[in-house]
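Single-structure report; data block below.
The values are calculated or read from the model by the stated rules, or taken from the named source; none is laboratory data. Predicted, not measured: the structure shown is a model, and the values here were computed from it. We place every Cβ from the backbone using ideal geometry, glycine too, and count neighbours over all the protein chains shown. Areas reflect the complete protein model, heavy atoms only, side chains present, ligands, DNA and RNA absent. Shrake-Rupley method; radii C 1.70, N 1.55, O 1.52, S 1.80 Å.
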Amino acid sequence: MKVILLFALFAVATKAQTTDGTDCPVNPNADDPNCLAKSVTKLGYLLPAIGKYVCAYNKLKEDGNVENYNAAAKIFIDVLKCVSCHLDKYLGDGKTLNDLLVSAGGTGVEALATGIEILKKLGIDELKAKLVCAAAGKLLQSQCLQDALKKTTPDILASLTDLYCKSKNSGAAGVASGLSEILGQAECALGEQIGLEGSETLEGALGSLSPELLQGLVGNILVLTGKVDLINKIVCLVINPLRGIVN
């Protein structure tokens, strides 16, 4: 089975690494107020960190478990520093990324307030946090889905790449519908696995994501197929013309 090798569009030179060894690219959009949202579609490691942090954010509000929250927050901080979007200047009141952590004996109120300010840069508010956790956090961690994606057919791979390439201009509803249909072929009962309840649907959860997060999610799902090493706009130029020979 062929592996399509894609090369990043950003500079090869790196400034540093995260604690897990992820290279930190030079980010040309570092001063852009929309830097974080734009980075989701270019840096594959950002969305999983966002999903895990949002899940921890929700959990802290429910059970007050500071240890679990801080563990996820530290990873999130590490990744945000790697992305280098200069978020400190948008937090106000002299706050820094380290204010995401709950201090010893703290209630977490200030940490969560800092967190929501950062999440707002991604179009995530308090009401969307639960569904974002489900779609961008738990979904990518589903072992059933990961196993199914590794066995994906050329047609499904082509459908995913088409969806990724069109997602920027298709609108969240159309992408959510298409992705939900593709994921349904995995037969993994994903709605139950990610904690959807009552009338909530996978398509609805996906549709709650901003266009940038949704495209980032499709990109991460493509990576999980094992057929693609790195997601960026080159995938639209390289894989689609070769869709007839990808196998």
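Results, tabulated for the structure shown:
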quantity	calculated
Distance histogram in 5 Å bins (all Cα pairs of the stretch 101-178, percent per bin)	3, 12, 13, 18, 19, 13, 9, 7, 5, 2, 0
Computed E for ASP147/GLU181 - FRET, C-beta separation, R0 25 angstrom, nearest 0.05	0.80
Spin-label pair VAL109/TYR90, simplified geometry with 7 Å Cα→Cβ offset, distance in nm	2.6 nm
The stretch 44-95 - Rg over Rh from alpha carbon coordinates, Kirkwood radius	1.01
Cα centroid of the stretch 104-120 to Cα centroid of the stretch 31-85, whole Å	12 Å
Calculated FRET value between ALA30 and ASN68, using beta carbons and R₀ = 22 Å, to 0.05	0.10
Cα-based Rg of the stretch 32-187 normalised by 2.2 N^0.38 Å, two decimals	1.13
Value of Rg/Rh across the stretch 27-67 [Cα atoms, Kirkwood radius]	1.15
Convex hull volume per residue for the stretch 168-210, taking Cα atoms only, in Å³	69 Å³
Exposure of GLU181 as accessible area (Å², to 10), given a probe of 1.4 Å and all protein chains	130 Å²
